[in-house]
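Worksheet for the structure shown next.
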Amino acid sequence: MPTKATLLLAFVSMIAAASTTSDVPESLRGTWIVRRIIPTATITCWGRSEARKLVGTRIEYSARGFRWQDIQTDSPEVTLDRLTAEQFHDQNSGGGAADSQVSLRDLGIRTTDVTQISFSHPDAKISEATNEIPGDRVLIKDPNAIVFSVCNVWFEAKRQPPSGTH
C-alpha cells in the first residue's frame, strides 16, 4: 500500500506534467495543412468519406486562439501535457480492445514521450458524430508536422511556410 508521501509525490508530479495557459505555444503558431490520414487500428465514428474531407483543409494557430474552416476559437484554455508512449496508448486505445489500438509509433512519432496541446472550446458541429474541432488536441511530431484525431481517425498536418519564403 502506498504511503501518503508517495501519493503526494505522484499527485505533484501529475500537476507538474500538465500546465494550463491562455497562450498558444510559439511552436504551434502558424498555418498547417492537413496532408493525410494516418492508417491506424482504431474504431472510429467516421467513415472514409467523412475523413477524406479534412485532407487539404487548413488549421491556423495564433497567440490567442485557433481556426479551422469557419470555426474560430478565441482565448481558449490551452493545456500542455507531456505523455509517455505508454500513457498515450492507454488514453487513446479502446480499453484493451485488440481491435482499437494506437501508439506513438503508429503515428510516426519515434520518441518515448510527446507533448500534447489541448484547447477548450464550446461544442462544434462539424458532423453528426462529433463535437470536436480539427486541431483542438494535437501532438507535436516535429517542428513542421503535427498529428491530431477527429472521431478517432488520425491525421497529419504540415506547417505551411510563411508567404515569401521558399
- prompt: Which ranges mark the helices (runs of 4 or more DSSP H) fully within the range 1-111 that have 1 or more residues being at pLDDT 90 or above and within 20 Å of D136 (Cα to Cα)?
  reply: 48-52, 85-92
query: Is there any pair linking a residue in the range 41-64 that is within 22 Å of L104 (Cβ to Cβ) to one that is at pLDDT below 95 and hydroxyl-bearing (S, T, Y), with Cβ under 6 Å and at least six apart or on different chains, and which?
result: T42/S100; I43/S100
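State which residue is nearest to N92 (Cα to Cα) when the search covers only the range 117-166 and only residues that are small (G, A, S) and modelled with pLDDT under 70.
So in the range 117-166, the residues small (G, A, S) come out as 118, 120, 124, 127, 129, 135, 145, 149, 157, 163-164.
With the extra rule that they be modelled with pLDDT under 70, the set shrinks to 124, 127, 129, 164.
Working: A124: 21, S127: 21, A129: 18, G164: 39 Å.
Ranking the qualifying residues of the range 117-166, first place goes to A129.
The values are calculated or read from the model by the stated rules, or taken from the named source; none is laboratory data. Computed from a predicted model, the values in this text were never measured in an experiment. A quick note on method: Cβ atoms are made from the backbone with ideal geometry, for glycine too, and the neighbour counts reach across all protein chains shown.
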